[in-house]
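A.B. asks: For reference, the structure I am asking about is given below.
Nothing in this text is a laboratory measurement; each read-out follows from the coordinates by a stated rule. This structure is a prediction, so every number in the text was calculated from the model and none was measured. As a convention, Cβ positions derive from the backbone with ideal geometry for all residues, glycine included, and neighbour counts pool all protein chains shown.
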Amino acid sequence: MPVFRTTRSNVPTLRKPRVLKKGATLGIAAPAGPIDETRLTAGVSMLRKLGFEVVHADDITRATGYLAGDDARRAEEFMQLVNDPNVDGIFCARGGYGCHRIMHLLDEKQVRAAAKPLFGYSDVTTLLLWQLSRAGLMGHHGPMLERTDALSADSKRAIATTLLGVGPPQRMVGKSVQRGWGEGRLTGGSLKLVVASLGTPWEIDTRDAILLFEETHEAPYSIDRMLMQLKAAGKLDALVGVGIGCLTDCTNPICPEPTARDVIEEILSPLGVPVVSELPFGHADHHLPWALGARAAIDGDRGEIELLELAVAKR
């Protein structure tokens with residue numbers, strides 16, 4: 001069977017965020033879409049039950065159309081959490097849209113120096129890719145506050161163990177699509193946000209990487225277009241492997257075939273690298289966190305991805 005090994009880091013100056021202790025304070029950020037007070041309250045309650053203190057801005061539920069307040073408010077909120085010595089980590093409220101609009105207002109040097117763990121997914125993919133490429137700091141693709149009412153018990157526990165750096169590194173089990181084994185650094189997130197990074201200062205670096213992606217409410221032809229754009233941009237050329245998370249409501253009632261998975265397998269299989277699908281992350285109740293920039297192994301025969309290191313470090 002083919003074996004693919006990484007030869008270099010995607011980010012030469014890569015740094016891990018600091019490990020947290022029980023009782024650490026998490027600051028809630030709303031860098032994208034607005035969050036309603038009911039979901040905010042439920043999410044804060046969940047984090048407190050996991051053993052963390054929680055703080056957030058008084059105006060975090062402010063809405064300006066499809067944004068959680070204007071760009072200046074959202075950027076200022078995020079940087080205040082970065083620089084507040086009483087805040088140990090940052091947990092995003094929800095995705096939607098908005099992170100693209102504030103990237104130029106953030107300070108990567110301050111983000112790197114603070115080295116605080118950052119949790120989020122969906123539109124927060126943009127923020128995670130920016131942090132990885134511009135600050136050289138790992139971030140966690142993982143649950144946010146908007147789905148905590150339905151989040152599985154395993155997912156909740158994984159939030160705590162990831163932030164506290166306890167237990168073995170995360171292992172995700174899915175379904176084998178393409179055989180083989182490889183080792184590299186994880187990158188990716190929401191497929192449409194990965195594609196939207198092309199041509200930006202935070203453009204995704206897929207060299208010697210395991211690309212993980214998930215998506216929601218995108219028709220198969222749209223997924224086809226996005227993968228073909230990544231292919232045309234050369235982002236599929238030097239991959240170590242590919243892992244696919246949840247494809248939530250990625251159907252087309254007018255044209256039910258090919259399915260999203262059919263499209264993905266057609267485009268990825270010729271790459272000759274291990275591919276695993278149906279991994280437990282994304283827009284679903286069972287959502288396990290993983291870290292952008294962390295070393296991992298992909299086993300296409302067993303349908304597994306295993307992190308090879310904890311993505312937090314003692315300071």
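A.B. asks: Grab every C-alpha pair in the range 18-159, bin the distances at 10 angstrom width from 0 up to the longest one, and report whole percents.
C.D. replies: So the P(r) values, bin by bin, are 12, 48, 35, 4.
A.B. asks: Could you work out the local net charge near Glu306, counting Lys and Arg as +1, Asp and Glu as -1, over the other residues with Cβ closer than 14 Å to its Cβ?
C.D. replies: -1
A.B. asks: Now for a different question. To the nearest 0.05, how large is the calculated FRET efficiency for Arg157 and Asp301 if R₀ is 30 Å and r is the Cβ-Cβ distance?
C.D. replies: After rounding, the FRET efficiency stands at 0.60.
A.B. asks: Between Asp262 and Val55, 0.36 nm times their residue separation minus their Cα-Cα distance comes to what?
C.D. replies: 70.1 nm
A.B. asks: Does anything in the range 157-191 have its amide N under 17 Å from the 7 Å Cα→Cβ label point of Ala42, and if so which residues?
C.D. replies: Hits in the range 157-191 for Ala42 at 17 Å: 157.
A.B. asks: Something else now. Taking only the alpha carbons of the chain, what extent do you get along each of the three principal axes, in Å, biggest first?
C.D. replies: 52, 46, 37
A.B. asks: Computed FRET efficiency, Cβ-Cβ of Arg225 and Ala72, R0 25 Å: what is it to the nearest 0.05?
C.D. replies: 0.15
A.B. asks: Can you list residues from other chains, or at least 5 along the same chain, whose modelled amide H is less than 5 Å from the amide H of Tyr97?
C.D. replies: Gly33
A.B. asks: Something else about it: Given Lys16/Lys49; Lys109/Lys231; Lys22/Lys109; Lys16/Lys314, which pairs have Cα atoms separated by over 21 Å?
C.D. replies: Lys16/Lys49; Lys109/Lys231; Lys22/Lys109
A.B. asks: If you average the sequence gap of Cα pairs under 8 Å that are 6 or more apart and divide by the length of the chain, what percent do you get for the contact order?
C.D. replies: 23 percent.
A.B. asks: Let me ask another. Roughly how many nanometres apart are two label points built 7 Å out from the Cα toward the Cβ at Ala63 and Asp107?
C.D. replies: Going by the 7 Å Cα→Cβ label model, 3.3 nm.
A.B. asks: What list of ³J(HN,Hα) couplings, whole Hz, do you get for the range 92-102 from phi and the Karplus terms 6.51, -1.76, 1.60, once you set θ to phi - 60° and write x for glycine and proline?
C.D. replies: Those phi angles translate into 7, 6, 6, x, x, 7, x, 4, 4, 6, 10 Hz.
A.B. asks: Let me ask something else. Using the Cα gyration tensor of the range 169-307, with a ≥ b ≥ c the square roots of its eigenvalues, what is the shape: rounded (a/c below 1.5), prolate (a/b larger than b/c) or oblate (neither)?
C.D. replies: Rounded is the answer for the range 169-307, as its axis ratio a/c remains below 1.5.
A.B. asks: For Ala233 paired with Asn252, estimate the spin-label separation in nm (one decimal), with each label point 7 Å from Cα along the Cα-to-Cβ line.
C.D. replies: Reported label-point gap for Ala233 and Asn252 is 2.2 nm.
A.B. asks: By the scheme Lys and Arg +1, Asp and Glu -1, what is the net charge of all other residues having a beta-carbon under 13 Å from that of Tyr97?
C.D. replies: Around Tyr97, the charge tally is +2.
A.B. asks: For the range 97-236, what does the alpha-carbon gyration tensor say about shape, rounded, prolate or oblate, given a ≥ b ≥ c as the root eigenvalues, a/c under 1.5 as rounded, and a/b over b/c as prolate?
C.D. replies: Verdict is rounded for the range 97-236.
A.B. asks: What net charge is computed for the residues neighbouring Met226, neighbours being all others with C-beta under 9 Å from the C-beta of Met226, Lys and Arg scored +1, Asp and Glu -1?
C.D. replies: With Lys, Arg at +1 and Asp, Glu at -1, the neighbours total -1.
A.B. asks: Another question, then. In Å, the Kirkwood hydrodynamic radius of the range 219-289 over pairs of distinct alpha carbons?
C.D. replies: Every distinct Cα pair counted, the radius reaches 13.0 Å.
A.B. asks: Using Cα-Cα distances under 8 Å and only pairs 6 or more residues apart, what relative contact order does the range 169-307 have, in percent?
C.D. replies: It comes to 41 percent, rounded to a whole number.
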